[in-house]
1. Out of region 245-257, which residues are surrounded by fewer than 22 Cβ atoms within 10 Å (Cβ to Cβ) and not in a loop (DSSP other than H, G, I, E, B)?
2. Which residue out of Val55, Val83 is open to solvent by 10 Å² or more (accessible area, probe 1.4 Å), under 30 Å from Glu193 (Cα atoms) and free of Cβ contacts under 8 Å to residues at least 60 places away in the same chain?
3. Looking at (1) near the ligand (Cβ under 8 Å from one of its atoms); (2) surrounded by fewer than 24 Cβ atoms within 10 Å (Cβ to Cβ); (3) touching a residue at least 40 places away in the same chain (Cβ under 8 Å), which is the one condition that is false for Ala216?
4. I'd like to check something: does region 145-156 contain any residue that is touching a Gly at 6+ places or on another chain (Cβ under 8 Å) and either open to solvent by 50 Å² or more (accessible area, probe 1.4 Å) or within 11 Å of the ligand (Cβ to nearest atom) (or both)?
5. Exactly one condition in (1) open to solvent by 40 Å² or more (accessible area, probe 1.4 Å); (2) outside any loop (DSSP other than H, G, I, E, B); (3) within 10 Å of the ligand (Cβ to nearest atom) is false for Gly207; which is it?
6. So which of Arg133, Arg114, Arg183 ends up being in contact (Cβ under 8 Å) with a residue 12 or more places away in the chain, surrounded by fewer than 18 Cβ atoms within 10 Å (Cβ to Cβ) and within 11 Å of the ligand (Cβ to nearest atom)?
7. Before we move on, is Ala90 under 18 Å from the mean Cα position of the chain (by Cα), more than 21 Å from Ala236 (Cβ to Cβ) and in contact (Cβ under 8 Å) with a residue 24 or more places away in the chain?
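The values are calculated or read from the model by the stated rules, or taken from the named source; none is laboratory data. Note that the structure is a prediction, hence the values are computed from the model and not measured. Here the Cβ is made from the backbone with ideal geometry for all residues, glycine too, and neighbour counts use every protein chain on show. The protein model used for the area step is the full one, side chains on, heavy atoms only, and it has no ligands, DNA or RNA in it. Shrake-Rupley method; radii C 1.70, N 1.55, O 1.52, S 1.80 Å.
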Amino acid sequence: MTDTRRALLDALAAGPVAGPSLADRLGVSRAAVWKQVDALREAGFGIDSGPDGYVVTDVPAYNAPAVEFGLDAPYTVEYHGSVGSTNDRARELAGDGAENVAVVADEQTGGRGRLRRAWSAPAGGVWVSLVLRPDCPAAHAPLYTLAAAVATTRACREAGVDASIKWPNDVLISDADEDRGGRKLAGILTEMEGEADRVSWLVVGVGVNANIDADALPEGATSLRAELGRDVDRRAFVQRLLETFHEVSADRERVLDAWREHAATLGQRVRVDTPGGVVEGTAVDVRSPGALVVDTDDGEVVVHAGDCEHLRPA
Ligand code: BT5
């Protein structure tokens, strides 16, 4: 049913379209088309039936069909007003065989960060988890985290906020802003199931503090609202994020270059807390599938996982 809805929304987004031709195109009965059109009206769409067929006159602010309408990426959307964690819901869908589904929520009551840390996710944020089944070895999975960081950073920049990536998965206000630099705007949590040579499913979860007051967030965090002094259109924002993610992740060879272009970490003095101990030095590059290369007093060290802190220049 959601696939028919997505196809109907794509047809409506392309312009006026007559009922019979819609039924033909979607391979369903005319009654099924009416039912879907009614469901879209229920969901808040304004749809007129003029001489040339159905015309969309109004799109709801933020729900599943609103995000699918005009979306130039192959995802269907499942929307929740409130959910425990969009990653948990996405994992459930993945277990049932789903693919290319974006789970979107207004609020999460049990949002998760890495290493079982809690993620604050009050109403007004952009909390989204994508279920993917890429044809690649498990070792390539981190590239999807990097692609999501690029997509999130670009969406924030297009919204007017000077964001950049801190290795591996944080989106922060750029250090160029002496006052606000380093505040965390978004985070990414990728989870997967698979064998060494093949990913079964991947869940890429992105959390962006969008229309949230900074005092509802942990110390050191900020939001698009706090930076811009106004709210963003979450529908447009999440569409750009999904479209850019789709485009960037489609070409795995280019993900690292895209990441380098958006990263604040390269060239910085860093301290990385890794499972094997602390690594301190200058971050010089990122290496496939997402490792950080740090130039230390003892030579180059390649870090695969850890928490990275940008240090002030000596
Ligand atoms: C992350 O973890 O940054 C990954 C966050 C991923 C959240 C998304 S929301 C959609 C999807 N569904 C989920 O349940 N999760 C994903 P990490 O690098 O471990 O950072 C976690 C730390 O960031 C916490 O320990 C806090 O210090 C801080 N933090 C918590 N909530 C925050 C927020 N809303 N904004 C900024 N920082 C936050």
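1. His246, Glu247, Ala250, Arg252, Glu253, Arg254, Leu256, Asp257
2. From the options Val55, Val83, the qualifying one is Val83.
3. All conditions pass for Ala216, except number (1).
4. Yes: region 145-156 contains one or more residues that are touching a Gly at 6+ places or on another chain (Cβ under 8 Å) and either open to solvent by 50 Å² or more (accessible area, probe 1.4 Å) or within 11 Å of the ligand (Cβ to nearest atom) (or both).
5. With (1) open to solvent by 40 Å² or more (accessible area, probe 1.4 Å); (2) outside any loop (DSSP other than H, G, I, E, B); (3) within 10 Å of the ligand (Cβ to nearest atom) applied to Gly207, the lone miss is (1).
6. After ruling out the rest, the residue left standing is Arg114.
7. Yes, satisfied.
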